[in-house]
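This report concerns only the one structure given below.
The values are calculated or read from the model by the stated rules, or taken from the named source; none is laboratory data. Here the structure is a predicted model, which is why all the values come from computation and not from measurement. Cβ placement follows ideal geometry from the backbone for every residue including glycine, while neighbour counts extend to all protein chains displayed. Remember, those area values only see protein heavy atoms, side chains included, never the ligands or the DNA or RNA. Shrake-Rupley method; radii C 1.70, N 1.55, O 1.52, S 1.80 Å.
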Amino acid sequence: GSHLLKAFIRTNSEIDEELTEQKRKVVYESALENNKVIVKKNSRIISVQEIVTEDKMKMLEELNLIETGKTDYVFALGIAIMVLILFSIFTLCTNIYCKNVLTNRNYLLVLSIIVTISLFAARILKEYSLLYIPFLIAPMLIAILIDLKLAITINFILTLAVSIMTNGDMIYLFMALASGTFAAFMVNRSNQRSSLSASGTIAALINVVVVACFGIINKNQLKTIALDSLIVTANGLISTIITIGMLPFWEITFNLITPLKLMELSNPNQALLKKLMIEAPGTYHHSLMVGNLAEVAAENLGANALLSR
């Protein structure tokens, strides 16, 4: 029977393997587009030593977690526009509140160095933890060296800039804005290093309050809240130590006058004052009286009393 069938029946259609494979690919790609995979925040995509499959690789590329070798011009344009907006805010605020900064080369140089170092430090330390970022140094230094209004403006701009790096982390955003602003207010016109230390300690305590509140809101474990509080406390204290230690460098290198420098100059043991006291005591006493009058007048006018004296 089978021999008879083979003699008379002939194949009139065959499977086109190539075309079938093409159709399969089209259907597969269509299914991928119509059935998107949702990746929840903080969920694990791939583990250490796990084999990277094609779908995992595509997911990592779409989430911008790996470099693909291609330049993302739209992404670069978005970042450029954000930087331009922040620079515009800086220019407007500086032009209104502290015009002298834009015409002073030393001020601009100091400002550029502080902002650049702050951004580099944030970029490196954010890979470990956002709580390690020393966000207090910039506002404290600028408030002491240049101007309080400028310090608050720069703190606001730096916080927004770093929040772009951290994907808008609310804990960092609120902590940097609150602590940075308070720290700038507290160190403004501080004339003793002990008052600077106290300001840094208070800023560190503000960090603890913010971290603890967010920990309670997010229902974190008490152990996690305590560890985070310890980290931000150390961050605040270390930032204060670095700020105090760097002040002589900025004062000498860029010839900046700070309240601490003025207090050193008004010390009776200062060489010139000591010589004046011994060789011309009348002139020395007269100078003290005029200095005291200038201080009272400056206080009433809202000017820098210490500089006047």
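Tabulated data
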read-out: Residue among 56, 40 that is of a type outside the set (Gly, Ala, Ser), under 26 Å from residue 127 (Cα atoms) and modelled with pLDDT of 70 or more; value: 56
read-out: Any pair with Cβ under 8 angstrom, 6 or more apart, that starts in region 288-309 at a residue that is among the polar types (S, T, N, Q) and ends at one that is assigned to a helix (DSSP H, G or I); value: 304/298; 308/291; 308/294; 308/295; 308/297; 308/298
read-out: Any chance residue 180 is more than 15 Å from residue 259 (Cβ to Cβ), open to solvent by 20 Å² or more (accessible area, probe 1.4 Å) and either outside any loop (DSSP other than H, G, I, E, B) or modelled with pLDDT under 85 (or both); value: no
read-out: Top-ranked residue in region 83-106 [being over 18 Å from the mean Cα position of the chain (by Cα) and in contact (Cβ under 8 Å) with a residue 40 or more places away in the chain; ranked as farthest from residue 146 (Cα to Cα)]; value: 93
read-out: Given (1) more than 30 Å from residue 302 (Cβ to Cβ); (2) surrounded by fewer than 16 Cβ atoms within 10 Å (Cβ to Cβ); (3) in contact (Cβ under 8 Å) with a residue 12 or more places away in the chain, index of the condition residue 219 fails; value: (3)
read-out: Boolean, residue 151 is touching a residue at least 24 places away in the same chain (Cβ under 8 Å) and closer than 20 Å to residue 237 by Cα; value: yes
read-out: Sole exception among (1) in a helix (DSSP H, G or I); (2) hydrophobic (A, V, I, L, M, F, W, C); (3) surrounded by 15 or more Cβ atoms within 10 Å (Cβ to Cβ) for residue 135, by number; value: (1)
read-out: Which listed residue is over 14 Å from residue 158 (Cβ atoms) and open to solvent by 40 Å² or more (accessible area, probe 1.4 Å), from 123, 105; value: 105
read-out: Failed item, numbered, when residue 30 is tested on (1) more than 22 Å from the chain's Cα centre (by Cα); (2) at pLDDT 85 or above; (3) open to solvent by less than 60 Å² (accessible area, probe 1.4 Å); value: (2)
